[in-house]
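S.K.: The structure under discussion is supplied below as structure tokens; questions concerning it will follow.
The values are calculated or read from the model by the stated rules, or taken from the named source; none is laboratory data. These figures come from a predicted structure and were not determined experimentally. No Cβ is skipped: glycine too gets one built from the backbone with ideal geometry, and neighbour counts run over all protein chains shown.
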Amino acid sequence: MEWCGDCYDIPYRSLIPEKIENLIVAGRCISTTHEAMSAIRVMAPCMAMGEAAGRAAKLAVRQNVLPSQLDVDLLRKELIEKGAYLNSMEMVQS
Ligand SMILES: Cc1cc2nc3c(=O)[nH]c(=O)nc-3n(C[C@H](O)[C@H](O)[C@H](O)COP(=O)(O)OP(=O)(O)OC[C@H]3O[C@@H](n4cnc5c(N)ncnc54)[C@H](O)[C@@H]3O)c2cc1C
């Protein structure tokens, strides 16, 4: 989890296990520090992670890559197009 001033981001890499390929995790089982877990374990972030994981799985299949190899800009673009709120929206739109 990365602090950005007035909120926090959950990087896609937190959803990707280090030692198991072809798996995406979401919700309370993602990789975080103890402190970060206290913030991300509630329902809204869990729901957002679930959507991100599902869309990442779809894109990985369509691109024929492992989830760990997915172009994260592509995932951000897809999430924004489908109405998800991302703190890094400006980064994608520019
Ligand atoms: C008592 C309590 C009150 C809470 N109150 C709030 C609140 O007011 N607001 C809020 O935002 N958050 C609240 N939370 C936190 C929030 O509900 C959870 O942190 C959130 O639901 C976690 O989502 P998750 O998808 O990671 O896990 P879960 O919601 O636990 O979902 C995991 C699912 O996987 C299933 N499962 C487990 N093992 C297997 C298996 N082997 N095969 C198939 N399925 C399996 C489980 O049955 C479950 O349905 C509360 C939590 C608790 C315990």
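S.K.: With Val65, Val61 as the choices, which residue is in a loop (DSSP other than H, G, I, E, B) and either within 19 Å of Asn87 (Cα to Cα) or away from the ligand (no atom under 13 Å from the Cβ) (or both)? Before you say what the answer is, go through the steps one by one.
M.R.: Numbers: Val61 fails: in a loop (DSSP other than H, G, I, E, B).
None of the other options fit; the residue is Val65.
S.K.: Hey, another quick one. Quick check on Ile80: is it at pLDDT 90 or above, within 16 Å of the ligand (Cβ to nearest atom) and surrounded by 11 or more Cβ atoms within 10 Å (Cβ to Cβ)?
M.R.: Numbers: at pLDDT 90 or above: yes; within 16 Å of the ligand (Cβ to nearest atom): no; surrounded by 11 or more Cβ atoms within 10 Å (Cβ to Cβ): yes.
Criteria not met by Ile80.
S.K.: Of all residues in segment 39-57, which are within 13 Å of the ligand (Cβ to nearest atom) and among the basic types (Lys, Arg)?
M.R.: Arg41
S.K.: What is the residue count in segment 23-38 for residues that are exposed (fewer than 13 other Cβ atoms within 10 Å of the Cβ) and more than 8 Å from the ligand (Cβ to nearest atom)? Don't jump to the end; show me each part of the working.
M.R.: Residues of segment 23-38 exposed (fewer than 13 other Cβ atoms within 10 Å of the Cβ): 29, 33-35, 38.
Keeping just the survivors that are more than 8 Å from the ligand (Cβ to nearest atom) gives 33-35, 38.
Selection size over segment 23-38: 4.
S.K.: Still on this structure: Can you find a residue that is under 17 Å from Asn87 (Cβ atoms) and over 10 Å from the mean Cα position of the chain (by Cα) anywhere in segment 9-29?
M.R.: Step one: list which residues in segment 9-29 are under 17 Å from Asn87 (Cβ atoms), which gives 9-15.
Okay, now just the ones that are also over 10 Å from the mean Cα position of the chain (by Cα), so none.
Scanning segment 9-29 turns up no residue that is under 17 Å from Asn87 (Cβ atoms) and over 10 Å from the mean Cα position of the chain (by Cα).
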